Amino acid sequence: MKKEDTVKLISSDGFEFIVDKEAAMVSQTIRNMLTSPGSFAERQHGEVTFPEISTTILEKICQYFYWHLEFA
């Protein structure tokens with residue numbers, strides 16, 4: 001899998017989740033950060049930091065992204 005096919009999601013604790021870009025795009029907020037015109041740092045680096053979301057919550061969010069892709 002190519003680096004541009006993945007997104008790195010970083011929790012407030014500094015834990016990094018590497019997820020498929022397609023899965024991350026389930027979130028409209030992440031989709032906007034990664035596809036909007038302009039110079040969002042998230043778009044340039046393929047990383048999104050969530051300073052207020054703990055590792056355990058972000059893990060559940062990532063699980064939901066994949067669940068949504070499979071069953072929605």
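The values are calculated or read from the model by the stated rules, or taken from the named source; none is laboratory data. In this text, all values refer to a predicted model and were calculated from it rather than measured experimentally. Cβ: placed from backbone, ideal geometry, glycine included. Neighbour counts: every protein chain shown. Just the protein is used for accessible areas: all its heavy atoms, side chains included, with ligands, DNA and RNA removed. Shrake-Rupley method; radii C 1.70, N 1.55, O 1.52, S 1.80 Å.
Against the compact-protein benchmark of 2.2 N^0.38 Å, the Cα-based radius of gyration of the chain scales to 1.04. Counting DSSP beta bridges in the chain, what percent are antiparallel, to the nearest 5? Here the share of antiparallel DSSP bridges comes out near 60 percent.
Solvent-accessible area per residue in the range 6-71 equals 64 Å², computed with a 1.4 angstrom probe and all protein chains kept. Each Cα pair under 8 Å and six or more residues apart adds its separation to the average, and for the range 6-71 the resulting relative contact order is 42 percent. Assuming charge only on the beta carbon of Lys and Arg (+1) and of Asp and Glu (-1), the dipole of the chain about its Cα centre is about 180 debye to the nearest 20.
For the chain, the carbon plus sulfur part of the accessible surface works out to 53%, probe radius 1.4 Å. In this label model, H45 and F71 are separated by 3.4 nm, measuring between points 7 Å along each Cα→Cβ vector.
Selection among I61, P37, S11 by position relative to the dipole of the chain gives P37 as farthest towards the positive end (Cβ unit charges, Cα centre).
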